[in-house]
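Below: the structure, in structure tokens.
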Amino acid sequence: MRLGHSSRDSAPGRWVRRFAVCLLPLVTPALLHVTGMAEGPVTIHLAGEAWFLNTLTKTGLIREFESKTGIQVEVAHMDHRALAQELERERVPTSPPYDVILMRHRFLGKLVEEGLVQPIEPFLADPAMHDPAFKPQEQLFADWWREISGYKGKVYGYPYAQLTTYLCYRKDLLNSSTEKVRFKARYGRVLDVPKNWDEYVQLAEFFTRPQEGLFGTYIQGREHIALWYEWLNLSYAFGGNLLESNHGCEYGDIVINSPQNVAATNQYLALIAYSPPDTLSYNWNGALAALQQGRAFMGLLWNDQAPLLEDTSQSKVAGKIGYSLIPSAVGKPFSQLEGWTYLIPKESRHPREAYRFMEWALSPEVQIAETFQGGTSPTKATYEDARVRSLPFVSSFLASIPLAIPKPTVPESGQITEVMQKGLSEIVTRKRSPREGLDILALEVQRILGGKARLRYPVQRTAAK
């Protein structure tokens with residue numbers, strides 16, 4: 001577990017640490033031959049956000065990779081936005097460029113279209129580089145791999161983390177015989193995990209007890225990317241989306257202001273009545289704290305935060321949380337697809353060594369070790385390990401895999417996200433109604449995409465002014 005690292009917000013800045021101490025051997029067969037590698041000592045530079053990269057560095061296993069291959073690894077912690085800007089500058093580098101980076105998958109289209117990253121198919125096809133025992137199409141969750149690390153039919157890397165969101169709830173309260181009797185008397189049904197949003201609201205209402213310091217739920221209402229991500233869960237739950245497309249790399253009709261999304265947004269606003277008074281200041285850290293401190297009965301939370309709910313040094317409710325898929329309003333189960341991917345920058349001086357490192361990082365030993373540092377493994381074999389399967393949130397993660405809905409990875413994805421979080425903030429703070437706010441957002445996204453996508457639904461006259 002990631003003890004002492006409960007903040008997901010990355011601060012700008014950069015620090016570098018070299019790993020050079022040999023521990024116990026850990027090596028895949030492909031690491032035993034280095035045909036085609038650079039002669040002499042090589043150092044590859046790995047960069048990514050600390051929250052995610054720490055799950056690898058804290059295992060201590062990079063030292064073993066260095067010992068067996070002779071390839072040194074320097075690690076830089078950097079916010080993904082700053083990292084993307086640095087890749088632009090590295091076209092005329094003044095310092096050694098990065099060889100492997102971790103990046104939010106939503107930014108892949110922009111990096112590809114700007115020529116900043118390179119595909120990995122040449123390495124996969126090279127028997128001197130690719131470990132034949134590693135069969136990514138079989139050993140990774142293939143659909144997620146294509147969405148997280150692929151763009152327009154080409155593969156640019158391997159997933160580092162597969163992220164989705166759970167419904168997290170107080171199973172101790174849900175299973176209380178006293179609460180079950182009281183709930184049945186009030187609502188005429190059995191107290192159980194909510195399967196739809198009517199049931200969710202009933203549970204939220206029932207467990208809202210301000211006099212006890214307990215609230216039924218929360219929303220992540222601060223103007224922050226967490227607001228957009230959380231709202232997407234409601235959108236998917238009601239059959240909505242942003243663009244009508246099958247894959248993140250595709251453009252499709254703009255459906256932000258669909259009737260489904262209007263209904264989802266009204267439902268989202270209704271949850272404020274059952275949330276702590278400061279819920280409009282929450283991002284994902286506030287949401288996590290509300291659950292950890294026992295202030296909220298239930299809420300939506302990312303799978304990489306779930307280990308922190310089970311950490312007794314941070315959480316008052318460790319061992320008392322249940323996990324499930326998010327309720328659906330249309331009877332169709334779903335999950336959110338998000339991730340971070342390994343990529344090799346176009347300006348890498350050591351791309352072959354970088355590829356070798358990526359394959360090593362996906363080996364079973366490394367992936368299992370990362371999982372127990374709070375990682376969210378993209379390899380199937382990880383979840384065949386009995387220790388991993390015993391984690392209380394793993395069954396919900398596996399259930400989410402085939403249900404995932406891709407989100408845009410087109411070059412304009414970052415711009416779309418920025419306008420969405422600002423526009424949604426205006427809605428949750430009641431500056432605009434859901435219909436008006438979503439109409440304005442649909443027009444904003446149309447402006448960003450230009451002629452690449454059309455509006456599916458008409459906008460109200462006031463929004464068009």
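The values are calculated or read from the model by the stated rules, or taken from the named source; none is laboratory data. Owing to the predicted nature of the structure, the values given are computational and were not obtained by experimental measurement. So basically every Cβ, Gly included, is an ideal-geometry build from the backbone, and we count neighbours across all protein chains shown.
What the table below lists for this structure:
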read-out	value
Residues that are under 14 Å from residue 299 (Cα atoms) and either modelled with pLDDT under 95 or not in a helix (DSSP H, G or I) (or both), drawn from the range 247-282	275, 276, 282
Of all residues making up the range 409-420, the number that are more than 15 Å from residue 241 (Cα to Cα) and part of a helix (DSSP H, G or I)	4
Condition check for residue 375: assigned to a loop (DSSP other than H, G, I, E, B), touching a strand residue (DSSP E or B) at 6+ places or on another chain (Cβ under 7 Å) and either modelled with pLDDT under 95 or under 23 Å from residue 143 (Cβ atoms) (or both)	yes
Of all residues in the range 262-285 being more than 22 Å from residue 440 (Cβ to Cβ) and hydroxyl-bearing (Ser, Thr, Tyr), the one that is surrounded by the fewest Cβ atoms within 10 Å (Cβ to Cβ)	281
Residue within the range 276-284 that is β-branched (Val, Ile, Thr) and over 22 Å from residue 324 (Cβ atoms) present	no
Any hit, the range 218-225, residues being assigned to a loop (DSSP other than H, G, I, E, B), of a type in the set (Ser, Thr, Tyr) and either out of contact with any strand residue (DSSP E or B) (no Cβ under 9 Å at 6 or more places or on another chain) or touching a residue at least 12 places away in the same chain (Cβ under 8 Å) (or both)	yes
Matching residues, the range 192-209, being more than 26 Å from the chain's Cα centre (by Cα), assigned to a loop (DSSP other than H, G, I, E, B) and not β-branched (Val, Ile, Thr)	192, 207
Residue in the range 316-339 that is aliphatic (A, V, I, L, M), closer than 29 Å to residue 420 by Cα and not in a loop (DSSP other than H, G, I, E, B) present	no
Yes/no for residue 288 being modelled with pLDDT of 95 or more, within 24 Å of residue 444 (Cβ to Cβ) and assigned to a helix (DSSP H, G or I)	no
Unique match (being of a type outside the set (D, E, K, R), modelled with pLDDT of 95 or more and either more than 25 Å from the chain's Cα centre (by Cα) or over 22 Å from residue 377 (Cβ atoms) (or both)) among 107, 123	123
Any hit, the range 349-362, residues being hydroxyl-bearing (Ser, Thr, Tyr) and not in a helix (DSSP H, G or I)	no
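This table checks each residue for (1) touching a Gly at 6+ places or on another chain (Cβ under 6 Å); (2) more than 26 Å from residue 461 (Cα to Cα); (3) not charged (D, E, K, R).
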site	(1), (2), (3)
240	no, no, yes
254	no, no, yes
263	no, no, yes
274	yes, yes, yes
277	no, yes, yes
294	no, yes, yes
299	no, yes, yes
314	no, yes, yes
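Let's see how each residue does on (1) in contact (Cβ under 8 Å) with a residue 60 or more places away in the chain; (2) acidic (Asp, Glu); (3) in contact with a strand residue (DSSP E or B) (Cβ under 9 Å, 6 or more places away or on another chain):
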site: 390; (1), (2), (3): no, no, no
site: 396; (1), (2), (3): yes, no, yes
site: 401; (1), (2), (3): yes, no, yes
site: 415; (1), (2), (3): no, no, no
site: 436; (1), (2), (3): no, yes, no
site: 439; (1), (2), (3): yes, yes, no
site: 445; (1), (2), (3): yes, no, yes
site: 449; (1), (2), (3): yes, no, yes
site: 458; (1), (2), (3): no, no, no
